[in-house]
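I have placed the structure first, in the form of structure tokens, so that the comments after it can refer back to it.
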Ligand code: IFM
């Protein structure tokens, strides 16, 4: 590894509540949209559900010891909204106490907690009232954020509102691939907007009561779109894809405006009446950091719309084909391995938005088939190459503050269930035995070497 990172750069790993905790009915937890969705036959591969996951709810002290063994500076995790507010409104003390024990355990081990408030597990009761299609859900989210912040603000400095609003809105309310499994054009656009509004309201609510050292941010997935040819049609298709996936979020967050191309893409589908005059300034509340999740680039070609009538199109029917992949290695998910896309994503944001806050890479990782001895050399190469690409972005001027590998443990990979394994640590779901893979030892040694002058 030729790259070096500045002193104070944080090395970490990330997880999320629904993906590892299990214990979906313990201690008063209410159902989330992912419990409901996973119970629908055919929604999740293998009929998998949030049980048992990695049973982290009961095994968290052992998992924190795994963090100590890795030597990470920081741990990114999420709080389960339905553990704290089972019906989206009332308060469950046992849920708050669980996260207090967790962050105390991190602090005792000298590990910095990076807390995410929403990693896709909306209380089902709020979905029954309209979910993220409804403006009121943004206010409910701000109330929940203020509640958790008041309880844990003495121990947690880094507060992330949302993880990846794009799949929440588009896969959840547009494609039906994620919870709540809806296929709506306007509903997905409204969901994207209300997620951003909830983010801004939550930042304002927390900041009103914050300690001076508290930091507030958001995490976005950033897959740059590359046209497959140099034709004008493919360039325009790539621009549409980028508007839907990235600029729909980054323009109002960091550019002071809504993404200009969006309304034309959905002429007939939405009149954007869910945008109120005051929203843009709420969404654009200044942030202390941006979290970037990077896995792959999208290769985009112009393609006919699947639905000829614009008024009937779903939110993802934007006249693009993203299946023409380049001839490069792929991960076990079929995702093209292109570390240069990480540099491109980071430098692109830096160039597009003057005043972009400091950036953390909050997720990066991969899936490969296991060998019997868990010698996952492909994952080691993947991580090393992407860390190098992150270093290239820092060398190009991006204010990069940390890197979090996805993930500490194998976990519930949403609609794919438990088949795909992202962990540095293998989990045997039948016995809950944890076995560190070779990549765990590699990352441990890498972090140690980074600290050695
Ligand atoms: O597992 C997910 C995570 O929940 C969100 N970002 C992408 C990861 C891998 O698909």
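No lab work stands behind these numbers, since they all come straight from the coordinates. Quick caveat: nothing in here was measured; it's all calculated off a predicted structure. Methodologically, a virtual Cβ is constructed for each residue, glycine included, from the backbone with ideal geometry; neighbour enumeration extends over all protein chains shown.
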Before we move on, is residue 77 crowded, with 24+ Cβ neighbours inside 10 Å, within 30 Å of residue 444 (Cβ to Cβ) and touching a helix residue (DSSP H, G or I) at 6+ places or on another chain (Cβ under 6 Å)?
no
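Among 387, 361, which is the only one that is buried (at least 19 other Cβ atoms within 10 Å of the Cβ) and away from the ligand (no atom under 16 Å from the Cβ)?
On the way: 361 fails: away from the ligand (no atom under 16 Å from the Cβ).
The match here is 387.
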Does the range 159-184 hold any residues that are touching a residue at least 60 places away in the same chain (Cβ under 8 Å), in contact with a helix residue (DSSP H, G or I) (Cβ under 7 Å, 6 or more places away or on another chain) and surrounded by fewer than 24 Cβ atoms within 10 Å (Cβ to Cβ), and which are they?
166, 170, 177, 178, 180, 181, 183, 184
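In the range 134-173, what residues are part of a loop (DSSP other than H, G, I, E, B) and within 16 Å of the ligand (Cβ to nearest atom)?
Of the residues in the range 134-173, the ones part of a loop (DSSP other than H, G, I, E, B) are 134, 153-157, 164.
Residue satisfying the conditions is 164 alone.
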Subset of the range 8-31, residues assigned to a loop (DSSP other than H, G, I, E, B), under 24 Å from residue 89 (Cα atoms) and within 16 Å of the ligand (Cβ to nearest atom), comes to 16, 21, 22
Pairs needed: first member in the range 353-371, farther than 25 Å from residue 437 by Cα; second member anywhere, within 16 Å of the ligand (Cβ to nearest atom); C-beta distance under 6 Å; at least 6 residues apart or different chains.
357/290; 359/290; 359/292
Within the range 419-432, how many residues are within 16 Å of the ligand (Cβ to nearest atom), surrounded by fewer than 17 Cβ atoms within 10 Å (Cβ to Cβ) and free of Cβ contacts under 8 Å to residues at least 40 places away in the same chain?
0
Given the conditions (1) in contact (Cβ under 8 Å) with a residue 60 or more places away in the chain; (2) closer than 19 Å to residue 178 by Cα; (3) not in a loop (DSSP other than H, G, I, E, B), which single one is not true for residue 62?
(2)
For the range 264-287, check the following and say yes or no: at least one residue is touching a strand residue (DSSP E or B) at 6+ places or on another chain (Cβ under 8 Å), outside any helix (DSSP H, G or I) and crowded, with 19+ Cβ neighbours inside 10 Å.
yes
Got a number for residues in the range 272-308 being away from the ligand (no atom under 16 Å from the Cβ), out of contact with any helix residue (DSSP H, G or I) (no Cβ under 9 Å at 6 or more places or on another chain) and touching a residue at least 12 places away in the same chain (Cβ under 8 Å)?
4
Pick from the range 407-418 the residues that are part of a loop (DSSP other than H, G, I, E, B) and touching a helix residue (DSSP H, G or I) at 6+ places or on another chain (Cβ under 6 Å): which of them is farthest from the ligand (Cβ to nearest atom)?
417
Output the residues belonging to the range 247-260 that are within 22 Å of residue 170 (Cα to Cα) and either touching a residue at least 40 places away in the same chain (Cβ under 8 Å) or surrounded by fewer than 18 Cβ atoms within 10 Å (Cβ to Cβ) (or both).
248, 249, 250, 252, 253, 254, 255, 257, 260
